[in-house]
């Protein structure tokens, strides 16, 4: 191999130097420029009067000559006023050096600043925060989650939400600004990166976060994305020894066991999206207003569910504890081992290490009333009525999506034998409908057709059904899907008015912003699937213990939320306080958590008539159509 020559060595050194980046270039060019300036300054100062400006009686000092040279490197026009050929030639040499090197240095500096700005735009700098909320991924759910966390942290002096997603940083910030608006004391930090990449995760400082929310993508294999991201967190070489509080959602029930195996030492709360929405939809189709109640309990704007140790209740029965708070409602007990019991038997004793589970405006509003005598109006309590047998029911399910089979299955848990559910969907779903589920109490009937076709709806004799459920077409853009749903709802409401029939209409909407538009159809209730799941995830990010509460609350086994006629509990038409309603429910083995005023059914400003956790001493005069909201076995 031939020995490299001087030129080749020089080229090799120069290539290596140039590859060192902007700082090396700035340093090299600055050094060359200074060498030129100092060499010529030395020449001018040593040359004395011969190299001094014309008319000068003595030579320039080294410092003065260096200053003159620096000025000419920065501005070539400065030498235009020079006099004396010796001085002119010296300054010309410095100026030529400035043209080549200082100009290049300025260009490099400009390029470096632009590169840094571009780097900042990409959002690759590390987040130096602690005790913050981390959101990994990007989907429309983020526009529900951020305001909820902001509301939850309003009483904090400072809070931070850090977002890492495979999306441009500036675009994320602009979308959040447009959709969310002002975030008060909460600072929003966006960073660009891939959540499944452990090195990118370090940008967001997840190891110092108090909670981590993983948002699955709208398209593709969402569960695989969640599993990979969780593994990148829990198996990270830099992970902390303390357990993470991770909140996410899973679409396929078979993947829940995989999530549970990912990290036994961390708390990973995975919401089974389709299961929750199916249960809420099935329950709401039979009890309008239920989704409003769930929304009231899940958002941070009103009353939420909290845990509190109350030593003074130790030894008391659960039934006796129901009336100890004026502005909070006890719904269950968290036992010392962490297990949750909602609406346990009324004679259940509260142990010293148990915590009460209560609905309240905030954790600091759970205060004992101090009343020694509860003002129950005994004369207004109605004795327990015998439950009437439920006749077979007919349900109409319009549309088909991933939640439809679960909804049909859930309906089967509530209806008597001989019931039926008719599914109206495009022909392509016929096999999916037939193979969707095995039913015990109802038969399934499939009818091919377009839900927006009024002639088809008239042929179905919709007035003959007890309940109508309209599902969104998730294969379409959310706005297009909601538009189709709205057309169907308008037809259904018109049919109901023409026939004066009492069938309930429950609809699924994909975008919460379209709910106001759909209210013109005066539908009994709406299920906004992503919105409800987002609220639940926000709650879990603040308190992971709520996962067991929600699991129990949405489970068809055990106690659930029901809206029951107020006349089954107290005398309608008479002023009565809520202490009396609570006692009437207690006598039935139920927990009263609120009521619904039917006259406000379509008034969004009054929460569609729903009142959760009302002040217990306030007098209310109920009509016979009003409902009591209870937590009960059935």
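If R₀ is 56 angstrom, what is the calculated FRET efficiency for the pair residue 633 and residue 34, using the beta carbon separation as r and rounding to 0.05?
0.05
Could you calculate the contour length gain from residue 625 to residue 365, that is, 0.36 nm times the residue separation minus the distance between their Cα atoms, to one decimal place in nm?
90.4 nm
Could I have the simple spin-label model distance between residue 461 and residue 182, label points 7 Å from Cα toward Cβ, reported in nm to one decimal?
Those two pseudo-labels are separated by 5.9 nm.
Could you rank the peptides 428-434, 292-298 by their average count of other C-beta atoms within 10 Å per residue, with the highest value first?
Highest-to-lowest ranking by the protection proxy: 292-298, 428-434.
For the stretch 413-428 and the stretch 356-371, what is the separation of their C-alpha centers, rounded to whole Å?
Using only Cα atoms to place each centre, the spacing works out to 43 Å.
Please give the length that would be gained between residue 64 and residue 428 if that part of the chain were fully extended, namely 0.36 nm times their separation in residues minus their C-alpha to C-alpha distance (nm, one decimal).
Extra length available between residue 64 and residue 428 comes to 122.2 nm.
Based on the mean of other Cβ atoms within 10 Å per residue, sort peptides 278-290, 188-200 so the most packed one is first.
278-290, 188-200
Using the basic label-point model (7 angstrom from Cα toward the beta carbon), what is the residue 454 to residue 479 distance in nanometres?
With each label placed 7 Å out from Cα toward Cβ, I get 2.6 nm.
Would you mind classifying the stretch 133-265 by shape? Square roots of the alpha carbon gyration tensor eigenvalues, ordered a ≥ b ≥ c; an a/c under 1.5 is rounded, otherwise it is prolate if a/b is larger than b/c and oblate if not.
It is prolate, given that a/c is not under 1.5 and a/b is the larger ratio.
Which of the peptides 409-416, 444-451, 575-582, 391-398 is most tightly packed, and how do the rest follow, judged by the mean count of other Cβ atoms within 10 Å per residue?
So the peptides 409-416, 444-451, 575-582, 391-398, ranked by packing, come out 575-582, 391-398, 409-416, 444-451.
Bear in mind these aren't lab numbers, they're just calculated from the coordinates by the rules spelled out. What you are looking at is a predicted structure, and each value in this text was computed from that prediction instead of being measured. Counting neighbours? That spans all protein chains shown, and the Cβs are built from the backbone with ideal geometry, glycine included.
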